[in-house]
Amino acid sequence: MNTAKRKTVIAGNWKMNKTPSQTAEFIKQLVPAAADAACEVVVAVPFVCLPAAVQAVKGSAIKVAAQNVHFEDQGAYTGEVSADMLLDLGVEYVIIGHSERRQYFAETDQTVNKKVLKALQKGLRPIICVGESLEQREAGVTEEFVAMQTKEALLGVPAADIDKVIIAYEPIWAIGTGRTATADQADEVNGLIRRTVAGLYGEAAAEAMTVQYGGSMNAKNAAELLGKDNVDGGLIGGASLKADDFRVIIEAARQ
Ligand code: PEP
């Protein structure tokens, strides 16, 4: 982390876990750790848990994220949720393009880009997920692939909005597998993402951008990963569901 230059953001991605009442209870346990934190603490909860989360974080330092958003303003899109609906609740962040959404719900670089543009236009801060598969890593195309995903996600994003964007490098082979990228691997690809952003928006914008790592980050490996210059926080799945582990990760961001 380079805390002199940019904000560290520790975000928990709960995926399809916890009910609204469990949400309120869990956030209560996190409030003291967040009050004392050297980083921004975000919880990305299921849609139905958002009202409970927004209520539970009131008066605290914790921010709430959705895990998806639709790119249209409104209309005949059964089962979808708009940016205005999220904003009306008090949601500030939204995860866009998580690999599970790409894999199971047919999200593409094009729909990810449309969602990013809509989120920014409405005033939500996108956490954009990029990352290669194991096959791509083994084929040696990680750099090209992640750079391309980054460019496609940011297509048409105005320079004035780039400071609202967070990018999370999430190698697919490390998500939910217990197999973490080494701190050097995370640093290397996060650095590549930063250089890609620099090519599009200039050095200053890239240096100021929060680039997270995600993929089996946990209480044991967080300090080492977060110790790297280009790793400005984490997007954390499994370990964000356990208050004790998530608190340790928040604390690891103090370095
Ligand atoms: C994620 O869902 O974004 C993630 C990184 O999951 P996990 O920490 O469980 O690998």
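The values are calculated or read from the model by the stated rules, or taken from the named source; none is laboratory data. Quick caveat: nothing in here was measured; it's all calculated off a predicted structure. Note that we place each Cβ from the backbone using ideal geometry, even for glycine, and neighbour counts take in every protein chain shown. Quick note on the areas: whole protein, heavy atoms, side chains included, nothing else; ligands and nucleic acids left out. Shrake-Rupley method; radii C 1.70, N 1.55, O 1.52, S 1.80 Å.
Observations, loosely collected:
- Comparing mean-square fluctuations of T177, T78, T23 from a GNM of the chain with C-alpha springs under 10 Å, the top value falls on T78.
- 222 nm mean residue ellipticity, helices alone, for the chain (DSSP H n ≥ 4; -39,500 (n - 2.57); rounded to 500): -12500 deg cm²/dmol
- In the range 9-252, the portion of solvent-accessible area held by carbon and sulfur atoms comes to 53 percent [1.4 Å probe, whole percent, DNA, RNA and ligands not counted].
- The chain, relative contact order [Cα under 8 Å, separation at least 6], %: 23 percent
- Given K5/K28; K28/K228; K58/K115; K63/K242; K122/K164; K28/K63, the pairs whose alpha carbons are separated by over 21 Å: K5/K28; K28/K228; K58/K115
- Reported to the nearest whole Å, the Cα centre-to-centre distance from the range 28-48 to the range 211-251 is 13.
- Mean accessible surface per residue for the range 9-252, computed with a 1.4 Å probe while every protein chain stays in place, in Å²: 42 Å²
- Sorting 124-131, 234-241, 197-204 by average packing, meaning the other beta carbons within 10 Å per residue, from highest down gives 124-131, 234-241, 197-204.
- The chain - Debye-derived log10 I(q)/I(0), Cα point model, q = 0.11, 0.13, 0.14, 0.16 Å⁻¹: -0.52, -0.75, -0.88, -1.19
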